[in-house]
Amino acid sequence: ARGISGAAIQLLGRCLLMGMFFLQGLRHLRERGFGLFSLGAFLCLATLCGLVIVGFKARWSAVILALALGISNFWMYPFWAMSRGMRDFYLYYFFNTLSIMGGLLILVSHGPGGLSVDSAKKGI
């Protein structure tokens, strides 16, 4: 039996990484309501996630997502300003978000892989 190809693993990784973004966006939209800003932000997020999943302009989309995540990380998890009891909680989520940013930067560095629109366009 043949093993799973590296391109299939990269596709699975892109889907899992973007699934997290998409579900967080849905949760945010549900909690904050369907205001103009929230809906616009969700549509941008969903578009970038879709581009990464199909592998079309995936590197640029991942750069944009990593930058947005980096900025929002300092806003959402200011562990340095928390009380002693909450500091560890915020620190955990801060570094968890940094690890997701690392995954996005690996995508930027290595590209979306063989099972992507960008790869198919190179073959034409």
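The values are calculated or read from the model by the stated rules, or taken from the named source; none is laboratory data. Every value quoted in this text rests on a predicted model; they were computed, and no experiment measured them. Don't worry about glycine lacking a Cβ; one is built from the backbone with ideal geometry, like all the others, and counts go over all protein chains shown. These accessible areas exclude ligands, DNA and RNA; they are computed on the full protein's heavy atoms, side chains included. Shrake-Rupley method; radii C 1.70, N 1.55, O 1.52, S 1.80 Å.
Could you list, in sequence order, the residues of region 49-68 that are hydrophobic (A, V, I, L, M, F, W, C) and open to solvent by 30 Å² or more (accessible area, probe 1.4 Å)? It would help to see each step written out before you state the result.
Taking region 49-68 first, the residues hydrophobic (A, V, I, L, M, F, W, C) are 49, 51-54, 56, 58, 60, 62-68.
Correct list: Leu51, Ile53, Val54, Phe56, Trp60, Val63, Ile64, Leu67, Ala68.
Table: residues versus (1) outside any helix (DSSP H, G or I); (2) at pLDDT 95 or above; (3) within 30 Å of Lys121 (Cα to Cα).
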position: Gly13; (1), (2), (3): no, no, yes
position: Phe21; (1), (2), (3): no, no, yes
position: Ala41; (1), (2), (3): no, no, yes
position: Ile53; (1), (2), (3): no, yes, yes
position: Arg59; (1), (2), (3): no, yes, yes
position: Tyr93; (1), (2), (3): no, no, no
position: Thr97; (1), (2), (3): no, no, no
position: Leu105; (1), (2), (3): no, yes, yes
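Check region 22-42 and report whether any residue there is under 18 Å from Leu107 (Cα atoms) and open to solvent by less than 30 Å² (accessible area, probe 1.4 Å). Please lay out each step first, then the result.
Kept after step one, since they are under 18 Å from Leu107 (Cα atoms), are these residues of region 22-42: 22.
From what's left, open to solvent by less than 30 Å² (accessible area, probe 1.4 Å): none.
No - not one qualifying residue is present in region 22-42.
Go through (1) farther than 21 Å from Leu12 by Cβ; (2) touching a helix residue (DSSP H, G or I) at 6+ places or on another chain (Cβ under 8 Å); (3) modelled with pLDDT under 95 and name the single condition Trp75 misses.
Of everything listed in (1) farther than 21 Å from Leu12 by Cβ; (2) touching a helix residue (DSSP H, G or I) at 6+ places or on another chain (Cβ under 8 Å); (3) modelled with pLDDT under 95, Trp75 misses just condition (2).
What's the number of the only condition in (1) buried (at least 17 other Cβ atoms within 10 Å of the Cβ); (2) over 25 Å from Gly6 (Cβ atoms) that Asn96 fails to meet?
Of everything listed in (1) buried (at least 17 other Cβ atoms within 10 Å of the Cβ); (2) over 25 Å from Gly6 (Cβ atoms), Asn96 misses just condition (1).
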